Amino acid sequence: MIIALNNKCNLSKDEFVLYEKELSALEYSTSRLILFPSFTNIALHNLPLIALGAQNVSKTEKGAYTGEIAASQLKSFDVTYCLVGHSERRNKYYETSLDTNEKIRNLLSQNIIPILCVGESKGERESNQALGTIERQIATALDGLTEEEKGKIIIAYEPVWSIGTGLIPTLDEISEVLSHIKRLSPGCKTLYGGSANEENIIELRNCPLIDGYLLGGLSLKPLKLQQFITEAEK
Ligand code: PGA
């Protein structure tokens, strides 16, 4: 099972060093942990058993692009995974599905595994448009890729209305979306993200289509994270 830890825009240099000390005490057996620190903390990552991810990547390769970080630069820091199309990028920084397609191509050219985030808004869920939205996000993001390339991509279902709100969809709703995603992109691994915590994992773990979790808030609380992992592995 994949446990992806998205620190978002948190942790100063000193805080990150302390945080990794706490993470080093985590006990787990069947999980594969991937940490997504802020760019400023990537070079400080020092836990060989926890894979390194980035929260974003430039849609261009290196060159005159002030403020951007290219996939080849991430590769030089041994980054092996990268989030693409997180709803905070889409909604607060106007990232489009076309952008996600360019980012995915750059990552694959560097052998970095993209974790494509998709999900519907509250309004789209309420008006029965969740599956259509997700289908469009995936179709554009994966457009033009070979079947082999598509097979490398992990897709995280993160309902926008669930992120950081304490609300989660029902297991039936999650299963419906994940089985749709697996039909659109056969063989891909699927994660669930959005307010997953040490309590609702007892319900979430009953969904066999969930291959792992993308954790935001919980990634910053090592004690609760330990409880989550212990329950998820049961
Ligand atoms: P959350 O965030 O776990 O804090 O809801 C998940 C995410 O944004 O990836």
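Rule-based calculations on the coordinates, nothing more; no lab input. The model shown is predicted, which means the values in this text are computed figures rather than measured ones. Glycine also receives a Cβ, built like all others from the backbone with ideal geometry; neighbour counts cover every protein chain displayed.
Could you pull out the residue among D143, D78, D99 that is touching a residue at least 12 places away in the same chain (Cβ under 8 Å), under 23 Å from L23 (Cα atoms) and among the charged types (D, E, K, R)?
D78
Looking at the stretch 10-50 only, could you name the residues that are of a type in the set (S, T, N, Q), more than 16 Å from the ligand (Cβ to nearest atom) and either touching a residue at least 60 places away in the same chain (Cβ under 8 Å) or touching an Asp or Glu at 6+ places or on another chain (Cβ under 8 Å) (or both)?
Of everything in the stretch 10-50, those that are of a type in the set (S, T, N, Q), more than 16 Å from the ligand (Cβ to nearest atom) and either touching a residue at least 60 places away in the same chain (Cβ under 8 Å) or touching an Asp or Glu at 6+ places or on another chain (Cβ under 8 Å) (or both) turn out to be S29, T30, S31, N46.
Does the stretch 184-198 contain any residue that is out of contact with any helix residue (DSSP H, G or I) (no Cβ under 9 Å at 6 or more places or on another chain) and over 24 Å from L52 (Cβ atoms)?
No, that holds for no residue.
What is the residue count in the stretch 205-224 for residues that are away from the ligand (no atom under 11 Å from the Cβ) and either assigned to a loop (DSSP other than H, G, I, E, B) or within 17 Å of the chain's Cα centre (by Cα) (or both)?
The qualifying residues number 8.
With the structure loaded, tell me whether N7 is surrounded by 12 or more Cβ atoms within 10 Å (Cβ to Cβ) and within 14 Å of the ligand (Cβ to nearest atom) or whether it fails that test.
It is true that N7 is surrounded by 12 or more Cβ atoms within 10 Å (Cβ to Cβ) and within 14 Å of the ligand (Cβ to nearest atom).
Show the residue pairs that are 6+ apart or on different chains and have beta-carbon atoms under 6 Å apart, the first residue being within the stretch 196-217 and in contact (Cβ under 8 Å) with a residue 12 or more places away in the chain and among the β-branched types (V, I, T), the second being within 15 Å of the ligand (Cβ to nearest atom) and not in a strand (DSSP E or B).
I201/F228; I201/A232
Only one of S175, S185, S195 is more than 16 Å from the ligand (Cβ to nearest atom), surrounded by 15 or more Cβ atoms within 10 Å (Cβ to Cβ) and farther than 15 Å from I138 by Cα; which?
Testing whether each residue is more than 16 Å from the ligand (Cβ to nearest atom), surrounded by 15 or more Cβ atoms within 10 Å (Cβ to Cβ) and farther than 15 Å from I138 by Cα leaves just S175.
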